[in-house]
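Presented below is the structure to which this report refers.
The values are calculated or read from the model by the stated rules, or taken from the named source; none is laboratory data. Keep in mind it's a predicted model, so treat the numbers as computed, not measured. All Cβ positions, glycine included, derive from the backbone under ideal geometry; neighbour counts span all protein chains shown. These area figures cover heavy atoms from the full protein model, side chains too; ligands, DNA and RNA do not enter into them. Shrake-Rupley method; radii C 1.70, N 1.55, O 1.52, S 1.80 Å.
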Amino acid sequence: MGVPYNRLVARIDLDRIAHNYAMLRRFGDNPAPVVKADAYGHGLFPVAKTLALAGAKTLCVGSVEEASALCGAYGGRVVALLGPLDMADARAVVDDDLVPMVYRFDQLDMLAEAAREGGAPVRLALKFDTGMGRLGFRPADAPALVGRLRGDPRLQLEIVASHLATADEPDNAAYVARQAGVFKDICAVFAAAGFVFERTLGNSAAMLAHEECRLDMQRPGIALYGANPFAGTALADVGKELLPAMAVSTIIAHVHDLAAGESVSYGCTFTADAPMRVAIAVAGYADCYSRSLSRRAEMVVRGRRARVLGRVCMQLTAIDVTDIPDVVPGDAAWLLGGDGPSPVTPEELAAWWGTITYEVFCLLGLNRREYAGG
Ligand SMILES: *Cc1c(COP(=O)(O)O)cnc(C)c1O
């Protein structure tokens, strides 16, 4: 498993995921943790087990295939956020008793047909587009959906859902409020028609900061893995108790001195202006340590920060260890996290990388993983 034949290890602390779950529970009832994309690179099965033990009654994955894989190992309800994409997905929904998000009328036809073939009804999460502009029925579709579901006992409404576009942007709170208003109107149509269902709107950021979005079920993802959706904003404090669950290390292959005027790596983009010492860490863009980290990122070696010098290569990266005594080949170099007083945070690494913490976790999590806790 993982990127083949490399020395990177993504170390996952499951106790931190349990801690983050417990912290989020204080902000809203009934979180249905989002474990799509292999639990944001942390590993679907170990994370699901940890969250089940912590009390999660529902888990949200991405594809129907991921939901089918999970349902044998997890006794709770499994929601597939991407919904059924073809008839094979629709049949899997029935066979494995999954709850798919549904956002097209023809998906209802596929599911009804699969339910007929399988001789069992389908539980549904209807997804509405209230301003994200991605997946979802239009608000105006609600009455037609009421009619469609009333006429077909094979289709059982269980959840009404929508997704927020700006929940992690304090300056865009008005847009969140507008989406929440549209969503409540949609839910009122189903309630007035006599349906009993759960309403779910918010992600991690909404759970932490938007009271009006804390409905029957919450869908936190990134916060469970310990990244603060409000890092660097005026609301940063709401996430300050979150603990990053992933740390990534590799080893140092070589240590050498550089004289003033000598340079390192392709393109000679870094040249020493004084004598210095360089360590070569066994990590590069083939290991999902992006080349855009060239000349920007820092690693932790022996509890101290070491900055990246010159370009990140395919499997090697040069770092400055001039001020870190006794560095030798075989020492650990931490790309994320690390020992000492200043571990590399997911937010820092994402900023150097020019991306968001979500992508950092998903990509670095493709490497070999080792687990602690749980
Ligand atoms: C990924 C996802 C979430 C979780 O969002 P976070 O920002 O990671 O908390 C919630 N709902 C849907 C529909 C998603 O796709």
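Couple of notes before you dig in:
- Nearest 10 degrees, 0 to 90: helix 14-25 Cα axis against the chain principal axis: 50 degrees
- Förster-model FRET efficiency, 30 Å R0, Ala274 and Thr355, C-beta, rounded to 0.05: 0.35
- Inter-label distance, nm, simple model (7 Å from Cα along the C-beta direction), Lys57/Asp339: 4.5 nm
- Alpha-carbon centroid distance for the pair segment 293-359 / segment 15-60, whole angstrom: 28 Å
- Cut-off under 5 Å, modelled amide H: who pairs with Thr130 long-range: His163
- Converting phi to 3J(HN,Hα) with the Karplus coefficients 6.51, -1.76 and 1.60 and the offset θ = phi - 60°, segment 101-106 yields 6, 10, 9, 9, 5, 5 Hz in sequence order, with x at every glycine or proline.
- Computed over protein heavy atoms with a 1.4 Å probe, the accessible surface of segment 221-374 works out to 43 Å² per residue.
- Dipole axis of segment 10-141 (+1 Lys, Arg; -1 Asp, Glu on Cβ), positive-most option in Ser63, Ala92, Ala22: Ala22
- Surface composition of the chain: carbon plus sulfur atoms hold 53% of the accessible area, using a 1.4 angstrom probe and ignoring ligands, DNA and RNA.
- FRET efficiency for Ala236 and Phe45, using Cβ-Cβ distance with R0 set to 41 Å, rounded to 0.05: 0.80
- Here the gap between Asp96 and Arg291, fully extended at 0.36 nm per residue and compared with their Cα-Cα distance, gives a gain of 66.0 nm.
- Its relative contact order, with pairs defined as Cα atoms under 8 Å and 6+ residues apart, puts segment 277-374 at 28 percent.
- Of all lysines in the structure, those lying under 24 Å Cα to Cα from Lys49, and not within fewer than 8 positions of it along the same chain, are Lys36, Lys57.
- Taken about its Cα centre, the chain carries a charge dipole of about 200 debye when Lys and Arg each add +1 at the Cβ and Asp and Glu each add -1 at the Cβ.
- Each of Leu335, Ala350, Gly76 was placed along the dipole of the chain (beta-carbon charges, centred on the mean Cα), and the one lying farthest toward the positive end is Gly76.
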